[in-house]
Amino acid sequence: MSVLLCRFAILLYLGATLFYIFSLLKRRVHPAKYATWTMAAAFAAHSVFMVFIWKDRGYTPVITIPDVLSFFAWSITGAYLLVQFRTKTRVLGISIAPVSLLLLLWASPGISGIVQVPPILKSSLVYLHVSLSLMGEAFYTLATLAGVVYLIQDGLLKRKTSQSYIRYLPPLKDLDGINEWSLVWGFICLTLGIIAGMFNARVTWTGAWHLDAKFIWSWGAWVFFAILVHQRLAIGWTGRRPAILTCLFFFLLMGTFILELSLFPSLHRFF
Amino acid sequence: MEIILVGTNHKASPLEIRERLTPRDDETPHPLSVIRKLPSVQEAFFLSTCNRVEVLAGAKDAETAGRAIKVYLMNRGKLTKGEGEKFFYHYKGEEAVRHLFRVAASLDSLIIGEPQILGQVKDAYRLATEMGATGILLNRALHFSFRAAKRVRTETGLAAHAVSVSYAAVELAKKIFGQLEKKTALLIGAGEMAELAARHLMKNGIQRIILVNRTFSRAQELAAAFNGTALPFSELPAAIMEADIIVTSTGATGYLITPEIVATSLKRRRNRLLLMVDIAVPRDIDPRVGKMENVYLFDMDDLQDIADENMKIRKGEAKKAEKIVEEETLRYMTWFKSLETVPTIIDLREKVETIMQEELDRVGAWLRKLPEEDREEVEILLRSVVKKILHDPITALKEVQMEEGAIGYIALLRKLFKLNKTCPPATGRKDGEPSDI
């Protein structure tokens, strides 16, 4: 049953992606409306699928790599849909739907079936830590995607050419608003996630402070986040500058994350 | 009865001819009531805009009515016979219907896709119904034309993009700010272009308008008209600080707004986005301003390019629109052809036959229990009842066929007995027309 649901969700994500591509090719916002609804359906199917897995296994499915990918896809879709229904910037979904589709596709082979979970991870604090951190990162990804589209639209408006694309992409103000909103919520989620992780570490690793690559990376991410939120809320940055910085930080984080995964051994790796 | 259309438009005649045909506001009797009384004219609709004067009529005889209307129009415009032949077109049946639909859908307009024409057609129709000049043929035709226009607007991009310079500025503003509510516009210079831009911005929800002009009294005048604030020229930097959209159109020879002025105010406006539209020639804003962060500057040439590009899109969309008009014309003609007496009688008989057969089938089990003769008796009885009920209406229909109002009877009959399955009901919803020309 859960495998079927997963496939169904993938199919719906694919449908949404195709609608978006069609709308881009035609440069008309109208088909993107269908894409949004297809994506909402995909999100619903994905949610039900996660509930099934959760019931099957008896714990929140955020432990294995496929779990994490699927949860990330789910979070980013949910966050995007929230934004969508608030601001009606339909076309932004063109950057979200393919991401969710690929992540879930990648996750799908290993996602069902029973996994032996190390006892060290069987704690509600761990689930909280992982899911909040992932949500924070999903929000951050959304902020980045909004930032990328902002920079594209900004460039088009400055160059004053290709009216059809200017007309097709969302207004700057909305994209800027999405970037800010995602940063604030992402920051809140990540902060709470890190706090939960710290508590858990205190309990399981009895207080010793490990200078681990992943810890440093998390703190780095948190500091970037904090800088961006500060510049936006306190200094009053809007528009191009925060968009650029968001993207820059994002790629920096992605790069170091991949580097860290491949180069450094970590206490914090379980699979 | 047939539908005809006689008239002239911007392609067929020069402006001075159309001017002579246009009725004055207080003209009595109204042209419509004169046309309605012309020989062979049974229904009439009169449309007069700056680009066209047209008469649509339901006529008993297309030739007689067409000639009478043409003569009437020629007399109105004091035209010679030769001029009349040259300037007026005369369409019959399907052609007339198609022309009406093209007009309502703004395919026949000077600037294709401009939205006012539909409103003008609707107003003219309202007047015609108030005067009782229209009947079943024209009512249906006009409702169909409204639907064709609506479909063209929703299904094609014919009317979607601004083709005027001042409206192109509003479109850009929407692409930057999304909603224009709660935004402040600053107009520098109080010329005609500024006024037009102000009107468009107001219509699109801008909250506040500030006016700055060398001649302060003129700024005050405009401010009063738009419910805005007038500021003296010395207050310009302060005004820039508050504004989200700036439109300049002064006659100044040098640059009024330099990067330095904008830079100081940008800092104090916390980097809010700023759209600047420079429609002055020579320009009022230093082009270097456009390179600044969060500032978007467009001059007259940029806006003209946008408008031109949009015009090209409209022309492309016109093909799709023509297809919709064709479909609606076909629908109307299908309905129109159903209004003949003989097919209506056949339809009516068929419908009643079907009902009878269905009822007989329904009680089939019971019928089979009856002896052979009784069964036949029942069917004969049923048939004779049906025949008698239908006899009078059908005879009456054949009689009125010779009279003027036959079409009304037929239409009513088709409606009462729901014989119009092939023809969807007409819709005549009212829409708020955006105006961008």
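So which of B:Ala148, B:Ala168, B:Ala124 is of a type outside the set (S, T, N, Q), crowded, with 24+ Cβ neighbours inside 10 Å and away from chain A (no Cβ under 14 Å)?
One residue alone meets the criteria, B:Ala148.
Would you please name the residue that is farthest from A:Ser182 (Cα to Cα), looking only at residues in the range A:78-106 that are among the charged types (D, E, K, R) and assigned to a helix (DSSP H, G or I)?
A:Arg90
Could you check how many residues of the range B:258-279 are away from chain A (no Cβ under 14 Å), buried (at least 22 other Cβ atoms within 10 Å of the Cβ) and farther than 21 Å from A:Asp176 by Cβ?
1
Any residue in the range A:236-250 that's over 12 Å from A:Tyr150 (Cα atoms): show its pairings with residues that are surrounded by fewer than 17 Cβ atoms within 10 Å (Cβ to Cβ) and among the basic types (Lys, Arg) at Cβ separation under 8 Å, as long as the two are six or more apart or on different chains.
Qualifying pairs under 8 Å: A:Gly236/B:Arg270.
Does B:Arg218 satisfy the criteria of being assigned by TED's automatic domain parsing to the domain that holds B:Val277, among the basic types (Lys, Arg) and either in a helix (DSSP H, G or I) or under 25 Å from A:Lys173 (Cβ atoms) (or both)?
yes
If you take the residues in the range B:305-321 that are away from chain A (no Cβ under 12 Å) and buried (at least 17 other Cβ atoms within 10 Å of the Cβ), which one is nearest to A:Leu156 (Cα to Cα)?
Among them, the one singled out is B:Arg314.
With respect to B:Glu293, is the statement that it is within 26 Å of A:Tyr150 (Cβ to Cβ), modelled with pLDDT under 90 and not basic (Lys, Arg) true?
Details: within 26 Å of A:Tyr150 (Cβ to Cβ): yes; modelled with pLDDT under 90: yes; not basic (Lys, Arg): yes.
Judged against the criteria, B:Glu293 is a match.
Of everything in the range A:198-223, what is at pLDDT below 85 and within 21 Å of A:Phe250 (Cβ to Cβ)? Give them in sequence order.
The answer is A:Ala213, A:Lys214, A:Phe215, A:Ile216, A:Trp217, A:Ser218, A:Trp219, A:Gly220, A:Ala221.
Taking the criterion of being surrounded by 22 or more Cβ atoms within 10 Å (Cβ to Cβ), farther than 25 Å from A:Ser123 by Cα and not small (Gly, Ala, Ser), would at least one residue in the range A:65-80 satisfy it?
yes
Here are A:Val115, A:Val68, A:Val29, A:Val48: which of them is touching a helix residue (DSSP H, G or I) at 6+ places or on another chain (Cβ under 9 Å) and at pLDDT below 80?
On the way: A:Val68 fails: at pLDDT below 80; A:Val29 fails: at pLDDT below 80; A:Val48 fails: at pLDDT below 80.
One residue alone meets the criteria, A:Val115.
Of all residues in the range A:157-166, which are within 20 Å of A:Ile178 (Cβ to Cβ) and at the interface with chain B (Cβ under 9 Å from one of its Cβ atoms)?
A:Leu157, A:Ile166
On the basis of being assigned by TED's automatic domain parsing to the domain that holds B:Arg199, buried (at least 22 other Cβ atoms within 10 Å of the Cβ) and not aliphatic (A, V, I, L, M), does B:Asp302 make the cut?
In short, no.
What helices (runs of 4 or more DSSP H) completely inside the range B:43-152 contain at least 3 residues that are of a type in the set (Val, Ile, Thr)?
In the range B:43-152, B:62-77, B:116-130 are the helices (runs of 4 or more DSSP H) which contain 3 or more residues that are of a type in the set (Val, Ile, Thr).
Restricted to the range A:167-184, and to residues that are part of a helix (DSSP H, G or I) and touching a Lys or Arg at 6+ places or on another chain (Cβ under 6 Å), which residue is nearest to the other protein chains (Cβ to nearest Cβ)?
Of the range A:167-184, the ones part of a helix (DSSP H, G or I) are A:167-168, A:172-184.
Pick out the ones that are also touching a Lys or Arg at 6+ places or on another chain (Cβ under 6 Å) and you get A:168, A:180.
Working: A:Tyr168: 10, A:Glu180: 13 Å.
Once the filter is applied, the top-ranked residue is A:Tyr168.
The values are calculated or read from the model by the stated rules, or taken from the named source; none is laboratory data. As the structure is a prediction and not an experimental result, all values here were calculated from the model. Note: ideal-geometry Cβ built from the backbone for every residue, glycine included; neighbour counts use all protein chains shown.
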